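Report on the following structure.
Taken together, the values in this text are just the output of simple stated rules run on the coordinates, not laboratory data. Everything quoted here is computed from the prediction, not taken from an experiment. FYI the Cβ positions are ideal-geometry reconstructions off the backbone, even for glycines, and counts take in every protein chain you see.
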Amino acid sequence: MDSPSRSSVIVVGAGFSGISAAKVLAENGIEDLVILEASDRIGGRVRKENFGGVSVELGAGWIAGVGGRESNPVWELATKSGLRTCFSDYSNACDNIYDQSLTEFSKTSCRGKIFPSGFAADSYKKAVDSAIQTLKNQEENHNGDFSKGTEPLSTPKTPIELAIDFILHDFEMAEVEPISTYVDFGEREFLVADERGYEHLLYKMAEDFLFTSEGKILDNRLKLNKVVRELQHSRNGVTVITEDGCVYEANYVILSVSIGVLQSDLIAFNPPLPKWKTEAIEKLDVMVYTKIFLKFPYKFWPCGPEKEFFIYAHERRGHYTFWQHMENAYPGSNILVVTLTNGESKRVEAQSDEETLKEAMGVLRDMFGPNIPNANDILVPRWWNNRFQRGSYSNYPIISNNKVVHNIKAPVGRIFFTGEHTSENFNGYVHGGYLAGIDTTKTLLEEISKEKERENKSQTLLLEPLLALTGSLTLTQTDTVSGLHKCDIPTQLYLSGKLGIPEAIL
Ligand SMILES: Cc1cc2nc3c(=O)[nH]c(=O)nc-3n(C[C@H](O)[C@H](O)[C@H](O)COP(=O)(O)OP(=O)(O)OC[C@H]3O[C@@H](n4cnc5c(N)ncnc54)[C@H](O)[C@@H]3O)c2cc1C
């Protein structure tokens with residue numbers, strides 16, 4: 001068991017934000033840091049797994065925001081590491097909409113019950129216009145202009161309307177335009193398709209400041225399987241207590257756990273977090289986003305150009321709606337991915353994988369006919385039930401004010417908050433986590449230097465009478481404590497307390 005020892009900073013969580021925060025600390029000379037990670041690996045929501053003979057990404061899969069006026073820092077890391085990626089073109093997804101209610105299968109075996117593309121495109125345009133109008137109305141109402149009334153716009157009813165509404169609001173993020181990721185970094189998205197996984201970027205970052213050998217992190221400052229359960233904080237420092245009873249002391253903590261974890265009771269704060277903080281934490285939505293992977297003995301879906309993404313329109317919103325084949329990423333892998341969100345994700349997480357497989361096969365047979373083969377294997381990640389995640393990513397409510405954003409990231413005493421949810425412009429993304437780690441650390445470094453200045457000043461003030469007494473030195477405001485140490489002041493004078501110096505500085 002580790003015995004309590006005091007570090008300058010403890011970073012809780014070793015996802016993108018925790019690792020980027022720790023790296024900036026190390027680069028700025030703070031080497032006595034400790035990283036406490038609850039799971040047995042680094043990466044957090046960036047996680048690969050071997051499935052069906054290839055490496056699939058259970059968490060973040062895309063580097064979103066590429067090709068714009070500024071360079072996405074995660075894209076830069078990927079380029080530097082030679083990470084293999086594939087461009088994703090979603091623009092044709094709405095030409096590949098299959099509908100449960102269409103009864104006839106197309107004669108060509110791999111086309112199924114597909115909507116004519118013109119019809120789908122019309123519905124898509126209508127749904128986009130309606131979504132934009134809803135947002136405008138919400139904004140006007142929020143700004144106090146109720147003159148246009150609050151009349152709801154037509155709600156989606158038919159399977160195709162429901163499918164498109166799902167794509168616009170759940171699959172793509174419900175973000176208010178303009179979306180900073182696209183404006184700043186560009187509108188292109190690249191799927192990571194590399195056997196080393198997206199998480200390879202984290203290992204490359206870690207290599208810069210942690211001791212590694214043969215691709216493994218062997219640095220004792222990274223402590224895995226350490227579930228933080230309590231943070232006791234005061235003016236003097238923070239005590240961190242883990243589930244296995246270890247106690248760690250630090251001057252400061254950087255807390256990078258997800259918004260879902262902050263909303264849960266996994267970590268107790270003593271004293272409790274102030275109301276302004278807990279209110280802000282509660283205001284954020286937690287999205288659940290689940291990619292289910294299915295491995296088949298052979299392909300039965302169309303694979304030509306513009307066929308990578310396809311949509312299933314069903315009377316239940318979000319019911320196995322968004323599909324992708326992995327032939328572009330891994331040719332010959334025979335893997336399909338279907339994305340579920342929120343309510344459907346939670347429902348599927350609660351049932352057995354066999355049940356989920358049965359449902360998914362039912363949907364595929366509805367699209368492609370009864371003769372398709374059964375899947376050989378299925379992989380269902382459970383982000384909602386993972387107590388170290390409790391969801392996939394944060395979402396700021398469409399109408400949220402600057403105060404919420406500010407309060408989410410504001411430190412509480414010596415506890416500094418980071419993680420994708422603290423990124424004002426890029427929450428929900430890997431680059432949000434990465435940039436938040438850097439921002440939070442910069443704020444902490446400023447605080448550390450201010451604290452040093454305050455200490456120097458107060459020591460200077462306290463030592464002035466002593467120096468006057470010895471008469472041998474004149475002291476200026478700019479003299480440093482280390483400078484003073486060089487002055488040969490007899491230790492006994494301090495220890496005897498004769499000079500009225502409080503014990504705290506001895
Ligand atoms: C299914 C899914 C798909 C996604 N798709 C994309 C995508 O395509 N593109 C994109 O840019 N982003 C995507 N994201 C979002 C992206 O993964 C996250 O925004 C980013 O990885 C968050 O990094 P983070 O460091 O803030 O948090 P995390 O990665 O969650 O790191 C926090 C760490 O804290 C640890 N922890 C939690 N509790 C404790 C505790 N009590 N004690 C110690 N450690 C603790 C966790 O184990 C974790 O390692 C997706 C996420 C998911 C889940």
Practice problem: Quote the charge dipole size of the stretch 289-427 about the Cα centre in Debye, to the nearest 20; the model charges only the Cβ of Lys and Arg (+1) and of Asp and Glu (-1). | Solution: 520
Quiz item: How would you rank 252, 182, 434, going from fewest to most other Cβ atoms within 10 Å of each one's own Cβ?
Solution: 182, 252, 434
Quiz item: Taking the simple approach of a point 7 Å from Cα along Cα-to-Cβ for both residue 443 and residue 129, what is their distance in nm?
Solution: 4.3
Practice problem: In nm, give the distance between the simple-model label positions of residue 285 and residue 122, each being 7 Å from the Cα along the Cα-to-Cβ direction. | Solution: 3.0
Quiz prompt | Reciprocal mean inverse distance between Cα atoms of the stretch 1-41 - Kirkwood radius, Å | solution = 10.8
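Just to confirm the filter: which GluC sites (Glu not before Pro) across the stretch 188-279 are DSSP coil and have at most 15 other Cβ within 10 angstrom of their Cβ? Write out the running numbers ahead of the final one.
Numbers: sites: 189, 195, 199, 207, 214, 230, 243, 249, 279; in loops: 195, 199, 214, 243.
Sparse-neighbourhood loop GluC sites (Glu not before Pro): 195, 214, 243.
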Exercise. Give me 383, 301, 276 ranked fewest to most by other Cβ atoms within 10 Å of their Cβ, as a rough exposure proxy.
Key: 276, 301, 383
Practice problem: Would you work out the charge dipole size for the stretch 156-230 about its Cα centre, treating the Cβ of every Lys and Arg as +1 and the Cβ of every Asp and Glu as -1, and quote it to the nearest 20 debye? | Solution: 580
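Name the GluC sites (Glu not before Pro) in the stretch 24-65 that are in a loop by DSSP and that have at most 14 other C-beta atoms within 10 Å, would you?
Details: sites: 27, 31, 37, 49, 57; in loops: 31, 37.
Passing sites in the stretch 24-65 are 31.
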Quiz item: What span do the alpha-carbon atoms of the stretch 204-322 cover on each of the three principal axes, reported in whole Å from largest to smallest?
Solution: 63, 45, 24
Quiz item: Full extension from residue 270 to residue 353: what is 0.36 nm times the residue separation minus their Cα-Cα distance, to one decimal in nm?
Solution: 25.9 nm
Self-check item: Taking 431, 406, 200 and counting other C-beta atoms within 10 Å, the order from fewest to most
Solution: 406, 200, 431
Practice problem: Measure off 7 Å from each Cα along the Cα-to-Cβ vector at residue 49 and residue 71, then give the distance between these two points in nanometres to one decimal. | Solution: 3.5
